[in-house]
Amino acid sequence: MATEVHAAEGATGYIIHHLTPLTVGEGFWALNLDTLFFSAALGGLFVWFFKRAAENATAGVPGLVQNFAELLIEFVDNQVKDSFHGKNELIAPLALTIFCWVFMWNFMDLFPVDILPLIGSIMGIDYLRVVPSTDLNATFAMSISVFCLIIFYSIKIKGPWGFAKELMFQPFGPWLLPFNLLLKLVEELAKPISLALRLFGNLYAGELIFILIALLPWYLQPVLSFPWAIFHILIITLQAFIFMVLTIVYLGMAHEDH
């Protein structure tokens, strides 16, 4: 398919087509339907998998599904114990959800770039971007959700006045209140921005490389796509891990008074 589209539209048109989302509406109210669909579908798959694992859990010899679920839960639980020192029953389930959901978002990048858009075109869908983490709206939605939790727990644990004192009086004391406030605001705003842009930038670049490989002659594509796919597995796992760990660390900071 890449060769045919390349001949008809040129390389630039092919790249733009694959990176253009299926959108309804305009401006601020525009919705990327493909991002919403794949995010919801992958979230549903996550819930179904762990629900099935919980329902079929046994104290005897565990099956493959239970083994894998327990491995993931133990892995995330160890990260929470290492990085979070407060008491909050939400943190571990949140960390597990973020790691698995972001990983599944990223994993969509390993599907051949033409297969799902081809199926979509057969169904009358002109544009279909299948990797939610290549959509800046999705990564910011995730990071802003985490940011809202950070602010909520900062106020809940420290109290409104305690949180305000942290903003105004740290790190240089009350005499440099404007400077403290500016530093803290920059520090807090940098958290969601860095979370969103890091995930988006790495996955967008990875998807672009897959698209560029698809533009090469057919005999070169397997030679280049397979090694890149192997390397990309490390990238998508690392990005999900980083997002999860930073979420745990940021929420841990929100629970600490010092």
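Each reported figure results from applying straightforward, stated rules to the coordinates on display, with no laboratory input. Here the structure is a predicted model, which is why all the values come from computation and not from measurement. Reconstructed Cβ throughout: ideal geometry from the backbone, glycine too, with neighbour counts over all protein chains shown.
Between segment 155-215 and segment 54-119, what is the C-alpha centre distance in whole Å?
Computed from Cα coordinates, the inter-centre distance equals 25 Å.
Give the dimensionless ratio obtained when the Cα radius of gyration of the chain is divided by 2.2 N^0.38 Å.
1.20
Hey, what did the chain get for relative contact order, percent, Cα under 8 Å, at least 6 apart?
Relative contact order comes out at 28 percent.
Which residue, THR23, THR247, THR35, tops the fluctuation ranking in a GNM of the chain built on C-alpha contacts under 10 Å?
THR23
Set the Förster distance to 35 Å, then compute FRET efficiency between ARG52 and ILE155 from the Cβ-Cβ distance, nearest 0.05.
Result of the calculation: an efficiency of 0.40.
Tell me, TRP105, TRP29 in order of fewest to most beta-carbon neighbours within 10 Å?
Going from least to most buried by this count: TRP29, TRP105.
Step through the table entries LYS51/LYS158; LYS81/LYS191; LYS51/LYS156; LYS51/LYS191, compare each Cα-Cα distance with 26 Å, and write down the pairs that go over it.
Distance filter (> 26 Å) returns LYS51/LYS158; LYS51/LYS156; LYS51/LYS191.
Given only helices, namely DSSP H runs of n ≥ 4 each adding -39500 (n - 2.57), what is the per-residue ellipticity at 222 nm of the chain, to the nearest 500 deg cm²/dmol?
-26000 deg cm²/dmol
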